[in-house]
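Okay, so here's the structure we're looking at.
The values are calculated or read from the model by the stated rules, or taken from the named source; none is laboratory data. Note that the structure is a prediction, hence the values are computed from the model and not measured. Note: ideal-geometry Cβ built from the backbone for every residue, glycine included; neighbour counts use all protein chains shown.
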Protein chains: 2
Amino acid sequence: MSELSRRSGVPVPTIKFYLREGLLPPGRATASNQAEYDEEHLRRLRLVRALITLGGLSVAATREVLEAVAEPLGRYETLGVTHYALRSPVATAPDGEGSDGCAAEVERLIERMGWTVTEQSPLRGALAAGLRALREVGAGHDADELAPYAELAAATARVDLDRLAGLEDRIDIAERALALTVLMEPVLATLRRMAQENEAALRYAGEGGDRVGR
Amino acid sequence: MSELSRRSGVPVPTIKFYLREGLLPPGRATASNQAEYDEEHLRRLRLVRALITLGGLSVAATREVLEAVAEPLGRYETLGVTHYALRSPVATAPDGEGSDGCAAEVERLIERMGWTVTEQSPLRGALAAGLRALREVGAGHDADELAPYAELAAATARVDLDRLAGLEDRIDIAERALALTVLMEPVLATLRRMAQENEAALRYAGEGGDRVGR
């Protein structure tokens, strides 16, 4: 276990906690006080650590994802189950003010894009909450205004799925899908901010302010 | 103030706190115990509320952003200052393990894309941390593998900047830029997950699992 800790960078007490919580399968007992952990353990440990510390998942949500991954489902179901267990990207859903039209815009967008999204998908509510937050600061987006973003999201999802296409093992697929979803989101957000910085430089650098001496 | 609270949905004690912290300019005194607040106050209050509750910014970071917005800068500088005050999209930067190559991949990507990103931009470190997290779960991306995502981020940033193009007032620009950056990130993440669900349905629905009876 100390070897596992050294290679993963996860402290031994944390590994013991994960074992106790069933997030990590027990090692192969080799002596009364010794157990062997292999590369699978290391990989799983890194994923658990990443889901909890970077993805912000609770122990319960992490367990739910890992259990889903262990089920013998097809590729589509595996992706669906892991997706739905994840925390919504919208941090705090503000209180809905009754029928405010945001949910209707989500349905219009899904129809316009021709997307297959299950009725029970938590993403519908998450998107409506995100639109509501934008509207509250005067930056509301209806389905037509969202469409260019949705087109780019569709192109991004095709790149994502291409990255999964070469994998055959179901656990590999689910683990990679989780990493691509949870860990890639901040990377994509960072890339967008960088691209905004570049685009602003292209369009506006040299356009002075009205500060004296600039 | 009760009117301001009613229209914004922000409780009076919270408004008083924002006033005391200087996040909201004082109203125009009309009597010893009365003050008038206008549409500007309402708009500013909604933005402060959104930055703190949805953007997850601290009071100090919110003040920094609002102060930057009040400076008479050009459009490029306004966007830069507001951007840099924001919290990084990468939640927890894992400890760097010395020179691990992730920072070098970021520089390669910026060069490959031809992006203008200032040397002191916090986005360089944020992106390197995000790449490190991906690599730790075996989903590392080098600059070549990131390039398709960066192209899509560039297209997204062009849509973003188009949305700012019609605005002339500097405070409007900064406020809208903040909303587009902070509040749009979870919306874009949600759109990507929806698009992944759709793309997985297109590619894999009907592909059965190996569970008996499916």
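When each of A:Thr156, A:Thr190, A:Thr181, A:Thr116 is tested for being within 7 Å of another protein chain (Cβ to nearest Cβ), in contact with a Pro (Cβ under 7 Å, 6 or more places away or on another chain) and either more than 13 Å from B:Val187 (Cα to Cα) or among the charged types (D, E, K, R) (or both), the lone residue that passes is A:Thr190.
For the range A:121-143, the criterion of being among the polar types (S, T, N, Q), outside any helix (DSSP H, G or I) and more than 7 Å from chain B (Cβ to nearest Cβ) is satisfied by no residue at all. Screening B:Arg176 against (1) over 19 Å from A:Asn198 (Cα atoms); (2) facing chain A (nearest Cβ under 7 Å); (3) modelled with pLDDT under 90 leaves a single unmet condition, (1).
As a summary of the residue check, A:Tyr37 satisfies the conditions (1) touching a Lys or Arg at 6+ places or on another chain (Cβ under 9 Å); (2) at pLDDT below 85; (3) surrounded by 17 or more Cβ atoms within 10 Å (Cβ to Cβ) except for the one numbered (2).
For the range A:127-155, taking the residues that are crowded, with 22+ Cβ neighbours inside 10 Å and under 16 Å from the mean Cα position of the chain (by Cα), the one that is nearest to A:Glu107 (Cα to Cα) is identified as A:Leu127.
Does B:Gly166 meet the test of being surrounded by fewer than 18 Cβ atoms within 10 Å (Cβ to Cβ), facing chain A (nearest Cβ under 8 Å) and modelled with pLDDT of 75 or more?
When the stated conditions are applied, B:Gly166 does not pass them.
Screening A:Leu24, A:Leu19 for residues that are in contact with a Lys or Arg (Cβ under 9 Å, 6 or more places away or on another chain) and closer than 18 Å to A:Ala60 by Cα leaves exactly one candidate, A:Leu24. Screening A:Ala179 against (1) more than 28 Å from B:Ala133 (Cβ to Cβ); (2) aliphatic (A, V, I, L, M); (3) touching a residue at least 60 places away in the same chain (Cβ under 8 Å) leaves a single unmet condition, (1).
For the range B:47-77, taking the residues that are away from chain A (no Cβ under 13 Å) and surrounded by fewer than 15 Cβ atoms within 10 Å (Cβ to Cβ), the one that is modelled with the lowest pLDDT is identified as B:Glu67. Residue check: B:Gly22 meets all listed conditions (1) at negative phi; (2) more than 18 Å from the chain's Cα centre (by Cα); (3) part of a loop (DSSP other than H, G, I, E, B) but one, namely (1).
Tallying residues that are over 16 Å from B:Ala70 (Cβ atoms), among the aliphatic types (A, V, I, L, M) and in a helix (DSSP H, G or I) within the range B:35-50 yields 2.
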